[in-house]
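Here's the structure, in structure tokens; my notes come after.
The values are calculated or read from the model by the stated rules, or taken from the named source; none is laboratory data. Computed from a predicted model, the values in this text were never measured in an experiment. Cβ coordinates were reconstructed from backbone atoms using ideal geometry, including for glycine residues, and neighbour counts include every protein chain displayed. The area values use the complete protein model at the heavy-atom level, side chains included, leaving out ligands, DNA and RNA. Shrake-Rupley method; radii C 1.70, N 1.55, O 1.52, S 1.80 Å.
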Amino acid sequence: MRGLCDLRVVDFSTGIAGAYCTKLLADAGADVIKVEAPEGDPLRRWSATGADLRGEDGALFRFLHHSKRSVVGSPGDAEVRELVAGADLVVAGRGQDARTALGLPESHPGLVLLSITPWGTAGPFAGRPESDLVIQAESGSIGVRGLPGREPFQAGGRTTEWVGGT
């Protein structure tokens with residue numbers, strides 16, 4: 001089985017949703033290149049306990065980025081622009097206009113831009129602030145948790161980010 005070995009993905013995202021999405025693609029054989037700013041992805045330093053990682057990557061970061069390559073750069077760098085020009089899919093962050101923010105070429109008709117955002121990139125909710133609790137409430141899932149007649153409660157573990165990445 002060749003899986004997705006012919007697919008090149010450039011990942012500009014931070015957080016769980018984009019990282020999990022590209023992890024699934026990498027696990028299926030896609031060539032995924034993670035582009036990080038010089039200070040690195042914030043998940044590199046994140047730990048569930050808040051412990052000092054002493055310069056090591058956190059377990060969540062290692063889980064999400066195993067099987068990927070990583071480069072340091074920004075969208076305007078020549079090396080990064082070359083990666084994007086050869087990509088089939090670009091996974092962006094949550095910005096309103098990711099194509100413009102990333103400087104993606106309009107002349108690359110085969111390039112697919114994926115921006116994982118709870119409210120979309122256009123429309124009345126596009127700029128709306130979000131949190132895991134708000135997204136769960138808006139989706140209706142919070143209404144089925146808890147005891148009848150009592151307060152509902154949210155699911156923990158940043159559920160909406162994992163589902164969004166899927």
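Residues checked against (1) surrounded by 14 or more Cβ atoms within 10 Å (Cβ to Cβ); (2) polar (S, T, N, Q); (3) within 16 Å of the chain's Cα centre (by Cα); (4) at pLDDT 85 or above:
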{"site": "Thr117", "(1), (2), (3), (4)": "yes, yes, yes, yes"}
{"site": "Ala122", "(1), (2), (3), (4)": "no, no, no, no"}
{"site": "Ser139", "(1), (2), (3), (4)": "no, yes, no, yes"}
{"site": "Ile142", "(1), (2), (3), (4)": "yes, no, no, yes"}
{"site": "Gly149", "(1), (2), (3), (4)": "no, no, no, yes"}
{"site": "Gln154", "(1), (2), (3), (4)": "yes, yes, no, yes"}
Every listed condition ((1) open to solvent by 80 Å² or more (accessible area, probe 1.4 Å); (2) within 20 Å of Phe12 (Cα to Cα)) holds for Ala126 save (1)
Sort out which residues of the range 53-81 are part of a loop (DSSP other than H, G, I, E, B), of a type outside the set (Gly, Ala, Ser) and more than 22 Å from Ile16 (Cβ to Cβ), and write them in order of number.
Arg54, Asp77
Condition check for Glu36: loosely packed, with under 13 Cβ neighbours inside 10 Å and modelled with pLDDT under 95:
no
Determine whether the range 82-102 contains at least one residue that is part of a loop (DSSP other than H, G, I, E, B), open to solvent by 30 Å² or more (accessible area, probe 1.4 Å), under 19 Å from Trp162 (Cβ atoms) and modelled with pLDDT under 90.
yes
Taking Asp31 and the conditions (1) open to solvent by 80 Å² or more (accessible area, probe 1.4 Å); (2) modelled with pLDDT of 95 or more; (3) acidic (Asp, Glu), which numbered condition does it fall short on, given that it satisfies the others?
(1)
